[in-house]
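Here, each number is a calculation from the coordinates, and none is a lab measurement. Everything numeric in this text was worked out from a predicted model, so none of it was measured. Cβ coordinates were reconstructed from backbone atoms using ideal geometry, including for glycine residues, and neighbour counts include every protein chain displayed.
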Amino acid sequence: MNRYLSARCVAGIRITALLLAAAWLAGCGILPKQETLALYRPEPAIAVDAAWSQANWQLQIARPYADTMHDSARILVRPQPGELQVYKGAAWTQPAPDLVLDTLLRAFADSGRFAGVSRRGEGVSAQYELLLDLRRFESDYDGGAAPNVRIEIGARLVHNTGNRVVASRVFDVAVPSDGTDVVQVNRAFERALGDATAQLIGWTLGEGNKDARAR
């Protein structure tokens, strides 16, 4: 009984000492302070193009693949070639691939040109699937005083029945920012994402309908 009481007291003294040490370190500024982030979300308004054809098939869209740096909520910037950093104190509301996927799902569905649009994993049977690689989603100074927003997406349209690639293409969009402020950069992301999305819709409809007619 005495041993148990003694061990418990020693443990309590150790815990108290650790807590006091942690509080002292925090007071001295040694422990890192949590960063305050301003959150941004590009939400482009995409107009329906009268030239887009009508499809009688359903489409599902997979979450874009991205490398570790791009599969993040931090806003990437290239201050000079070969150097990739993030904007301090700023972040997307969700990782970049999810921002792109949400934008595409909404725009493809709102276009009214498809028999149905869904994300992969929702259990909806679709004749075609759009597979995407998010290669660039960043602002790039490239020697200029203000950056260009650069979005590069590799796309493959796949016919699900035979798991066959119908068509593939790389979409590379660059839009100049009106300034260096993150708010201005976000507006440029909005314009660039809207442009890339509109191109993807037109291309997917064209290639999918061409394949459907051939079959």
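Can you give the local net charge around TRP92? Use residues other than it whose beta-carbon is closer than 13 angstrom to its beta-carbon, Lys and Arg +1, Asp and Glu -1. Kindly include the intermediate steps, with their values, before the conclusion.
Details: positive: ARG41, ARG74; negative: GLU43, ASP71, ASP98, ASP102, GLU138, GLU190.
Here the charged neighbours net out to -4.
Exposure proxy ranking for VAL166, VAL173, based on other Cβ atoms within 10 angstrom of each Cβ and starting from the fewest, stands as VAL166, VAL173. Given in Å, the Rg to one decimal and the Dmax to the nearest whole number for the Cα atoms of region 38-214 are 16.6, 52. Subtracting the Cα-Cα distance of ASP71 and VAL170 from their residue separation scaled by 0.36 nm leaves 33.8 nm. Annotation for GLN85 and VAL48: the two label points, set 7 Å from Cα along the Cα-Cβ direction, are 4.5 nm apart. Look at the dipole of region 96-211 built from charges on Cβ: of ILE151, ALA188, THR103, the Cα furthest out on the positive end belongs to THR103.
Counting only other residues whose beta carbon sits under 14 Å from that of ASP71, what net charge do I get with K and R as +1, D and E as -1? Walk me through the intermediate numbers first.
On the way: positive: ARG63, ARG74, ARG135, ARG136; negative: ASP67, ASP98, ASP133, GLU138.
In short, 0.
Hey, rough spin-label estimate for ALA62 and LEU39, points 7 angstrom out along Cα→Cβ, what's it come to in nanometres? Calculated label separation equals 2.9 nm.
When region 38-214 is described by a simple charge dipole with +1 on each Lys and Arg Cβ and -1 on each Asp and Glu Cβ, the residue from GLN199, LEU59, ALA91 located farthest towards its positive end is LEU59.
Taking the Cα centre of region 155-215 as the origin, how large is its charge dipole in debye, to the nearest 20, when only Lys and Arg (+1) and Asp and Glu (-1) carry charge on their Cβ atoms? Working shown, then result.
Numbers: 8 positive and 7 negative charges, 107 e Å.
Result for region 155-215 is approximately 520 debye, rounded to the nearest 20.
Around the Cα centre of region 64-215, unit charges on the Cβ atoms of Lys, Arg, Asp and Glu (plus for the first two, minus for the last two) sum to a dipole of about 540 debye.
So, in Å, what gap is there between the alpha-carbon centers of region 41-59 and region 148-215? Value for the Cα centre distance between the two parts: 11 Å.
Ranked highest first by average number of other Cβ atoms within 10 Å, how do 116-128, 54-66 line up?
Details: 116-128: 14.7, 54-66: 18.3.
With the highest mean Cβ count within 10 Å placed first, the list reads 54-66, 116-128.
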